[in-house]
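Note sheet for the following structure.
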Amino acid sequence: MLTIAYIGNGKSANRYHIPFSTKVEDIKIKKILSPEDQSPWDALPDVEYVKDINEIWDDSEVQLVVISTPPQSHYDLAREALINGKNALVEKPFSETSEQAKELFALAEEKGLFIQCYQNRRFDSDFLTVQKVIESGVLGEVFEMDMHFDYFRPEVPKSSDTFSPLDSFLYTHACHTVDQVIAYFGSPNKVNYDVRQLLGSGRMNDYFDLDLHYASNLKVSVKSSYFRMKERPSFVVYGTKGTFIKETKDRQEEHLKLFYMPDNKDFGVDLPEHYGTLYYMDELGQYHEEKVVSEVGDYSRIYQGIYESLINGKEKIVKDEETIRQIEILEEGIRQMGLNNQSS
């Protein structure tokens with residue numbers, strides 16, 4: 001049994017964590033830090049809600065704390081957890097700087113503790129489906145992939161008249177997609193950055209376009225904007241023999257926002273109209289166009305992996321060096337944005 005406590009009782013904990021940790025049979029939630037007297041989220045049965053964080057630090061039964069608070073508090077709370085002898089799972093972005101991340105990993109190693117970033121989107125349906133197609137070999141040698149995570153929410157950047165890296169679009173959204181790239185393809189040899197504040201310097205970062213370059217001329221482009229009324233495809237993969245296009249994103253978040261929970265058998269499952277399309281030439285030079293049934297995404301696989309690491313000593317799903325490299329890329333993107341503002 002793995003006994004855990006949540007620091008934070010908001011949307012992050014109740015929408016993106018608890019529905020998935022409770023799917024794992026041998027995980028028990030013992031405490032949740034909830035400093036507010038009232039919460040819009042229903043209380044969980046047999047869970048103790050506490051207002052004093054020391055009640056979590058002092059509980060010897062709690063083996064893992066999950067930090068699901070706003071990004072500005074991640075580093076401090078993760079460090080406090082380790083100092084108090086607790087293993088930690090930290091929401092993304094893991095920290096603001098790569099130096100902070102290195103410090104946390106070093107502290108965990110010194111104390112013989114586990115700390116990991118919650119990269120649940122490694123288990124998005126669309127991303128898993130893309131991997132299946134690439135590994136089938138039908139595309140031949142893959143040389144280019146475009147990844148898009150678009151919105152049309154102009155009210156979000158328009159409502160902000162300040163800038164902070166942790167609240168930037170790059171930190172809050174590329175933390176998903178850049179991690180997916182690193183998880184599958186490894187650390188890039190080179191990165192080209194186009195990170196913008198479309199509404200002007202000093203406002204929110206609301207656009208990014210990163211090109212991650214690998215050996216064998218592979219380029220992976222990670223793009224996102226708050227001003228895309230018509231979203232671009234979630235994934236487009238180009239190979240020497242064909243192309244795969246996945247128009248729609250993983251549906252787990254869509255269902256969670258409707259309070260349609262993972263205990264439903266069709267939770268997050270693509271319908272035929274969501275399937276990606278594969279275009280390729282076979283060995284005889286014949287053209288094919290066919291739908292690819294989507295893989296099923298499941299964020300509980302992160303919690304299953306953490307259980308295996310802490311209870312059975314298995315390797316971490318999200319490696320320390322992957323988290324550090326991701327944050328280095330996010331840091332550099334913000335730095336490049338600042339340089340571009342100065343030169344314009």
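Residues are listed down the side, and each one gets a yes or a no for (1) touching a residue at least 12 places away in the same chain (Cβ under 8 Å); (2) more than 16 Å from the chain's Cα centre (by Cα); (3) farther than 30 Å from Ser95 by Cβ:
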position	(1), (2), (3)
Leu258	no, yes, yes
Met261	yes, yes, yes
Thr277	yes, yes, yes
Ile327	yes, no, no
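I'm trying to understand the selection: among the residues of segment 1-34, which are open to solvent by 40 Å² or more (accessible area, probe 1.4 Å) and either part of a loop (DSSP other than H, G, I, E, B) or of a type in the set (Gly, Ala, Ser) (or both)?
Taking segment 1-34 first, the residues open to solvent by 40 Å² or more (accessible area, probe 1.4 Å) are 1, 11, 22-23, 25-26, 28, 30.
Scanning segment 1-34 gives Met1, Thr22, Lys23, Glu25, Asp26.
Could you grab me the full set of residues in segment 302-319 that are under 15 Å from the mean Cα position of the chain (by Cα) and within 12 Å of Ile115 (Cα to Cα)?
Result: Ile317, Val318, Lys319.
Could you check how many residues of segment 40-60 are more than 17 Å from Thr3 (Cα to Cα) and either in contact with a Cys (Cβ under 6 Å, 6 or more places away or on another chain) or of a type in the set (Asp, Glu) (or both)?
Final tally of qualifying residues: 2.
Looking at segment 210-260, which of its residues are assigned to a loop (DSSP other than H, G, I, E, B) and open to solvent by less than 10 Å² (accessible area, probe 1.4 Å)?
Ser234
Could we say that Met281 is more than 20 Å from Phe149 (Cα to Cα) and touching a Lys or Arg at 6+ places or on another chain (Cβ under 6 Å) here?
Here the answer is yes, as Met281 does meet what is asked.
Name every residue in segment 178-207 that is closer than 24 Å to Thr129 by Cβ and in contact with a Pro (Cβ under 6 Å, 6 or more places away or on another chain), in order of residue number.
none
Mind listing whichever residues of segment 274-313 are touching a strand residue (DSSP E or B) at 6+ places or on another chain (Cβ under 7 Å) and part of a helix (DSSP H, G or I)?
Answer for segment 274-313, where residues must be touching a strand residue (DSSP E or B) at 6+ places or on another chain (Cβ under 7 Å) and part of a helix (DSSP H, G or I): Tyr303, Ile306, Tyr307, Leu310, Ile311.
Kindly indicate whether any position in segment 163-182 is within 24 Å of Gln116 (Cα to Cα), at pLDDT 95 or above and assigned to a loop (DSSP other than H, G, I, E, B).
No, because not a single residue in segment 163-182 is within 24 Å of Gln116 (Cα to Cα), at pLDDT 95 or above and assigned to a loop (DSSP other than H, G, I, E, B).
In segment 184-202, which residues are open to solvent by 40 Å² or more (accessible area, probe 1.4 Å) and closer than 21 Å to Gln119 by Cβ?
Scanning segment 184-202 gives Tyr184, Phe185, Ser187.
Would you check which residues across segment 27-46 are at pLDDT 95 or above and in contact with a helix residue (DSSP H, G or I) (Cβ under 8 Å, 6 or more places away or on another chain) and list them?
Ile27, Ile29, Lys31, Ile32, Leu33
The conditions are (1) within 18 Å of Ile329 (Cα to Cα); (2) open to solvent by 20 Å² or more (accessible area, probe 1.4 Å); (3) in contact (Cβ under 8 Å) with a residue 40 or more places away in the chain; (4) not in a loop (DSSP other than H, G, I, E, B), and Glu99 fails exactly one of them. Which is it?
(3)
Considering only residues of segment 288-306 that are in contact (Cβ under 8 Å) with a residue 60 or more places away in the chain and open to solvent by less than 30 Å² (accessible area, probe 1.4 Å), which is nearest to Thr243 (Cα to Cα)?
Residue satisfying both the conditions and the ranking: Val292.
Got a sec? Which of Asp42, Asp46, Asp37, Asp76 is part of a helix (DSSP H, G or I) and either more than 25 Å from Arg301 (Cα to Cα) or acidic (Asp, Glu) (or both)?
It is Asp76.
Could you tell me which residue of segment 1-57 is farthest from the chain's Cα centre (by Cα), considering only residues that are farther than 19 Å from Ser73 by Cα and among the aromatic types (Phe, Trp, Tyr)?
Taking the candidates together, the pick is Tyr49.
So how many residues does segment 50-73 have that are part of a loop (DSSP other than H, G, I, E, B) and more than 26 Å from Asp26 (Cβ to Cβ)?
Of segment 50-73, the ones part of a loop (DSSP other than H, G, I, E, B) are 51-53, 58-63, 68-70.
Going one step further and asking which of them are more than 26 Å from Asp26 (Cβ to Cβ), we end up with 51-52, 70.
Result for segment 50-73: 3.
Given the criteria open to solvent by less than 20 Å² (accessible area, probe 1.4 Å) and among the aliphatic types (A, V, I, L, M), does Leu113 qualify? Steps first, answer last, please.
Details: open to solvent by less than 20 Å² (accessible area, probe 1.4 Å): no; among the aliphatic types (A, V, I, L, M): yes.
Considered against the rule, which asks whether it is open to solvent by less than 20 Å² (accessible area, probe 1.4 Å) and among the aliphatic types (A, V, I, L, M), Leu113 comes out as no.
Can you find, within segment 133-157, the residue that is nearest to the chain's Cα centre (by Cα) among those that are exposed (fewer than 15 other Cβ atoms within 10 Å of the Cβ) and assigned to a helix (DSSP H, G or I)?
Val156
The values are calculated or read from the model by the stated rules, or taken from the named source; none is laboratory data. Keep in mind that what you see is a predicted model, and the values were worked out from it rather than measured. When we count neighbours, we look across all protein chains shown, and the Cβ atoms used for this are built from the backbone with ideal geometry, even at glycine. For accessibility, only protein heavy atoms count, side chains too; no ligands or nucleic acids. Shrake-Rupley method; radii C 1.70, N 1.55, O 1.52, S 1.80 Å.
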